Amino acid sequence: MSSCCVLSPQEVRLEEELKGIEQMYGRERAFKILKEVQTYRRPIIDVERAKYFTESMKQTEGQPLVLRWAKAMKHIAENISVYIDKDNLLVGRAGCPGRYGILYPELDGDFLDLAIKELPKRVESPFNISEEDAQLVVEDIAPFWKGKTYHEALAKALPEETLKLTYDPKDPLKSRFIVNETSSFRSSLQWVHDFEKVLKIGFKGIKEGAQKQLATLDPFSPVDNMEKRPYLEAIIIECDAIILWAKRHARQAAEIAETETDPQRKQELLTIAEICEWVPENPPRNFYEAVQSQWFTQMFSRIEQKTGTIVSNGRMDQYFYPFYIKDLEEGRITEEKALELLECMWVSMSQFIDLYVSPAGGAINEGYAHWEAVTIGGQTPDGKDATNELTYLFLRSKREFPLNYPDLAARIHARSPERFLYEVAETIKEGSGFPKIINDEEVIPLALSKGANFEEAFDYAVSGCAEHRMPNRDTYTSGCAYINFAAALEMTLYNGKMKLYGDEQLSVPTGDAREFKTWDELWNAYLTHQTNFIKHAFIQQHNIIRLRALHFAFPLGSALHDLCMKNCIDLHQPVIEGGINFGYFECIGYGTVIDSLAAIKKLVFEDKKLTMNEIFEALECNFEGKEDIKEMLKNAPRYGNNDEYADTIGRDIDRAALEFTKDYSHELGVHLDLRYVPFTSHVPFGRVVSATPNGRKAWTPLADGSSASHGADVNGPTAVLLSNFNTKNYNFRERAARLLNIKLSPSTLVGEEGLRNLVSFIRTACDLRLWHLQFNVINKETLLKAQKDPEGYRNLLVRVAGYSAYFCDLSPDLQNDIISRTEHINI
Amino acid sequence: MALSLNYDKNKYGHVFNIQQFSIHDGPGIRTLVFLKGCPLQCSWCSNPESQKPQPELGYNSNKCLGTNKCIRCIEVCITGAITNGTENKITIDRAVCTNCLLCVDACPSGALNVYGNLMSIDQVLKEVEKDSIFYTRSGGGISLSGGEPLSQPDFAIGLLKEAKRRRMNTAMETCGYTDWAILNEACQYLNLIIFDIKSMDSKKHKRYTHVSNELILENFNKLCNKYPDLPKLVRTPVIPGFNDNETDIQAILDFIKDKPNVKYELLPYHRLGTPKYEYIGRDYPLGDIKIDDEKMNSLKELVEKTFAKE
């Protein structure tokens, strides 16, 4: 391969996965499909979705937005290329064979041409786009959207003080990474459809419902005429669109079957044709049809709009269960056959790339990983344990076929059966990091306290990275703010300014920190900036809520939502009667801020081992030649060690944010709650923050989510959980998801006893009412990284009976010995 | 924390480490409390910092920033024991050092540290109880280790007694080299005893551990007679050239196999403790040896024949 073939992280991951799968498992069909995908070296940008969407939108200007969106979907369904993948048992994709990404010009049309124009010149770009397609984007698609995108409208609407914390005021395409909005790069925050509805009544049933409602409208009512009628018409068109799209697959499959020479594949194609003729229009008659129907719905949703991290899959082990058990009992299916179908879905998911057109570089970025979470386990709507045979099948699939897709999320609760937790633990032990764990004992009471009833709360589905949705009750789809708390810390030190942005007064002046004489002065200055940031995030949100309703519609999501159908109102509208709005704002750099404040409090104001001036000198030179100061700062109390000193500061930071939202979020009509789910944003947000008093060097990543700073948690995983617990304010309902990553050494998991301990550990996390938990099992690669970067890995423990040591304290010789043994035995 | 000789040994003791999430030394998720002092001096010891009863200065040169960047320790050293050595690392003259530990406090990176802090029973248990919610679910609790915990008999027994009173699951690792009266008392407060038997050959035992094994074996017999219901885990560190052969292991197996409530475990030799010899200014007595994996496996098979695996 020449150097032009730089692989994106996603490609590298896929290749790695392929290697592993090839060695380990003989899953012929899924493997063949993956192999086939690999023959297309680079992912392709497919422009068809953008083309037909734009074509239709050009024709419908002036009409109600939801109707325009549905018409655009119909136009796409009629014209977009339809593919029947080789070997796959499922059909339905949003773009060409191989890995592909699609464009959403309604989001980024204002700069899409710039980005695409650059592309053919960039040899290292991980994406391919044909010359005609590029020309189409530049000449036809982008020009139409200029001046019409939500992004442009938002930039114009933000008041100056808010704008300069959000974008570069001279170039709104450039994020500041201080108080970022995320609403302009996705049409919706994470979301979960009520897939069960499709399986119960089909789109035919939904359409008939809309037709009935249409017939009962008051012919004289202006609201019925101007709001409800177009809404219902949009729903009918949308149902027609997805049915049409499916039937085009049926025709195509039948056509290919005619010339197919392999009798087995010929039969498969005829079955596919029959199924696509039936679903998603009608309720499925068996498990296979149910899976295909769900897949069509999911894919059509991807075509319709860009949902943050992709629309999640909901409680698959619940809504597929009746189909599965009936087929099993009646001898139509085996476990193996069901696995084959599900794994056809997983490999299809892995081919879709969540493409982001980067505004910063005017270039195309690699697609971020997507989290179309499949929820398993948890409780039934009446509060009983919900695990069933299908739950275990999902876990088995993940163990034996450890693809990154789907993102498997296990709901646990106080009465989760032992078998479930053991199988979850066994799956984690396989080392892929799945499933992530979401805790009913934290999620459900919070949902209840914010207005859900028991039935809905028990039936929540995991959505996005760590959030939840209650289909038919949640009505909030707005993207939200990512707030850089570490930037607030920097502004505390530099009087409302940041090193990167020079002399610009970004936040309120709080005085020269060198002159601070007491901890209280420092703390109050910090709080001033933190609160100021949240204030501007809320101002952003006020604009976001108002403007999104003018720019985005979501007919498919609305068709599948009881409240939207009842009120005849699109899901993206701000107020839907009977709904609950769960929104968030994000704290980024939590551990960084706690550790920095704790270090100053202890070393400057209490022990008086350092002066503010000494700290400033060390920060100004990025600790070059000031290693001793850096070490002192790093050895101060730190978050993640169950250390009361640091954890108290963490709890105070958390509480201050909660108090703000308690006072003001009702004005937005939203539970705009505090969340610690970083995605991968702690990296770009770290890039704008200069050196911090926790010994962190300038422009390096911040602490992620509610996890400790890199390498700071040196007391093992129990302390990590307890610090998380200690810093939460359980007396506030304004809290939301906290993402927590735990590193485990494989020796922890050896044998039956290791498994038992992991189960106990998970149960304890459940008792502690922690929201989320995800494990990384340390492998050879981790240890190699630790050898190169001892500072970042000084928490890495090597444990054997009666003894343990920090890996980085060992001599290179011993380290190598451990590395060579890691793959076989425990460390 | 400076060295203090006058303290109430019933209430205070020297602890050199408290380690949470320990999962190899007793059931469930446990907290391991390492007590200073040991009557043995095993040549393979992986915790050499545990051997002396009193606190001891450790120096990890890997963590040291180097004297070209920091000389805080040299500046505070009253006796002049710390000097600039080779390759920008310090040299400690341990004959001159009075263990005042000012250097530990001055060291920014933790390269200089002290092995052994004087702690009260209450302080120790307060640390241990931080993880009590994990014990509830896992059946874990406190494990005493060392060193030899019973080399601080009053403190160790006091800890176990109070832990029991606080409804904790207790375990203790011991080399068995102690007065029967002390072991006897400790056993009253234990849910599990982890008992090391290194070799049945007394001469060899003395050569490698500095003590002979009679007292140890006698204590184990008494223990089994008096506390038949107490679960006992016998462990043997398998050391190349010392006991890595079928004869030695079989002899141990013959000694323990008919005793009540006994389980047995082999601990393969490892060198992970070697850096710590350097930290405390000592040489590693065993030099560069390795355990033979095949040999280890055949010994494991031998054990499995006698003790059917769970």
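Quick note: the coordinates plus some simple rules give every number you see, no bench work behind them. As the structure is a computational prediction, the values presented were derived from the model and not from experiment. Here Cβ is always computed from backbone atoms with ideal geometry, including for glycine, and neighbour counts include all displayed protein chains.
The relative contact order of chain B, computed from alpha carbon pairs under 8 Å that lie at least 6 residues apart in sequence, is 20 percent. When the listed pairs A:LYS609/A:LYS697; A:LYS35/A:LYS337; A:LYS337/A:LYS398; B:LYS222/B:LYS263; A:LYS247/A:LYS566; A:LYS398/A:LYS743 are checked against a 23 Å cut-off, the alpha-carbon distance exceeds it for A:LYS247/A:LYS566.
From the helices alone, meaning DSSP H stretches of at least four residues, give me the mean residue ellipticity at 222 nm for chain A, per-run term -39500 (n - 2.57), in deg cm²/dmol to the nearest 500.
Details: 33 runs with 403 residues, N = 827.
Theoretical 222 nm ellipticity from helices: -15000 deg cm²/dmol.
Sequence-ordered 3J(HN,Hα) estimates for region A:520-531 from the Karplus curve with 6.51, -1.76 and 1.60 and θ = phi - 60° stand at 4, 4, 5, 4, 5, 5, 4, 4, 4, 6, 4, 5 Hz, glycine and proline given as x. Which of A:SER596, A:HIS772, B:TYR277 sits closest to the plus end of the dipole of the protein assembly as shown, meaning its Cα is farthest towards the positive end, when Lys and Arg get +1 and Asp and Glu get -1 on the C-beta? Projecting each Cα onto the dipole axis, the largest value belongs to B:TYR277.
Can you check what the Kirkwood hydrodynamic radius comes to for region A:544-654, Cα pairs only, in Å to one decimal? Display every interim value, and only then the final one.
Values: mean 1/r = 0.0554 Å⁻¹.
Roughly 18.1 Å, rounded to one decimal.
Divide the volume of the convex hull around the Cα atoms of region B:1-157 by the residue count and you get 136 Å³ per residue.
Considering all C-alpha pairs of region A:287-420, those separated by over 23 Å amount to 39%.
Taking the number of Cβ atoms within 10 Å of each Cβ as an exposure proxy, the fewest-first ranking of A:ARG41, A:ARG68 is A:ARG41, A:ARG68. Proximity of backbone amide H atoms, modeled 1.01 Å from N, is registered between A:LEU740 and A:HIS772, A:LEU773, A:GLN774 at under 5 Å, excluding neighbours fewer than 5 places apart on the same chain.
Region B:56-115: percent of C-alpha pairs farther apart than 20 Å? Spell out each step's value before the answer.
Values: 188 of 1770 pairs.
For region B:56-115, the share of Cα pairs beyond 20 Å comes to 11 percent.
Rg and Dmax over the alpha-carbon atoms of the protein assembly as shown stand at 32.5, 108 Å. Here, region A:693-821 yields an orientationally averaged convex hull projection of 9.5 nm² when only Cα atoms define the hull. Each helix, a run of at least 4 DSSP H residues, gives -39500 (n - 2.57); summed and divided by the residues of chain B, these come to -9000 deg cm²/dmol at 222 nm.
Sorting A:PHE605, A:PHE623 from the fewest to the most surrounding beta carbons within 10 angstrom yields A:PHE605, A:PHE623.
Straight-distance candidates among the aspartates and glutamates for linking to A:LYS212, with alpha-carbon spacing under 20 Å and chain neighbours fewer than 8 residues away dropped: A:ASP224, A:GLU227, A:GLU233, A:GLU238, A:ASP240, A:GLU281, A:ASP562, A:ASP570. Suppose the Debye formula is applied to equal point scatterers at every Cα of chain B; what is log10 I(q)/I(0) at q = 0.09, 0.13, 0.15 Å⁻¹? Log-scaled intensity ratios, in q order: -0.50, -1.00, -1.25. Projecting the alpha carbon convex hull of region B:113-181 along each direction and taking the average yields 5.4 nm².
Fewest neighbouring Cβ atoms within 10 Å first, the residues B:HIS210, A:HIS666, A:HIS75 line up as A:HIS666, B:HIS210, A:HIS75. Each residue, A:LYS517 and B:ASP105, gets one label point 7 Å from its Cα in the Cβ direction; the gap between the two is 2.7 nm.
For chain B, a crude dipole built from +1 on the beta carbon of Lys and Arg and -1 on the beta carbon of Asp and Glu, taken about the Cα centre, is about 520 debye to the nearest 20. Straight-line reach from B:LYS9: taking Cα to Cα under 22 Å and skipping same-chain neighbours fewer than 8 places apart, the lysines in range are B:LYS36, B:LYS52, B:LYS126, B:LYS161, B:LYS164.
Any number yet on Rg/Rh for region A:379-454, C-alpha, Kirkwood? Before the final figure, lay out each step's value.
Values: Rg = 13.5 Å, Rh = 13.3 Å.
Ratio value, two decimals: 1.01.
On C-alpha positions alone, give me the angle between the axis of helix A:335-349 and the longest principal axis of chain A, in degrees, nearest 10. That helix lies at roughly 70 degrees to the long axis. When the alpha carbon gyration tensor of region A:449-488 is reduced to an equivalent ellipsoid, the three semi-axes, largest first, read 26, 11, 10 Å.
The angle separating the long axis of helix A:195-215 from the principal Cα axis of greatest extent in chain A is about 60 degrees.
Since only B:CYS107, B:LEU65, B:ALA81 are under comparison, the one whose Cα sits farthest along the positive direction of the charge dipole of region B:56-115, derived from C-beta charges on Lys, Arg, Asp and Glu, is B:LEU65.
Under Stokes-Einstein, with the Kirkwood radius over Cα pairs standing in for Rh, what whole-number D in µm²/s applies to region A:442-529 at 4 °C and 1.567 mPa s? It would help to have the intermediate numbers written out before the result.
Values: Rh = 16.3 Å.
In µm²/s, the coefficient is 80.
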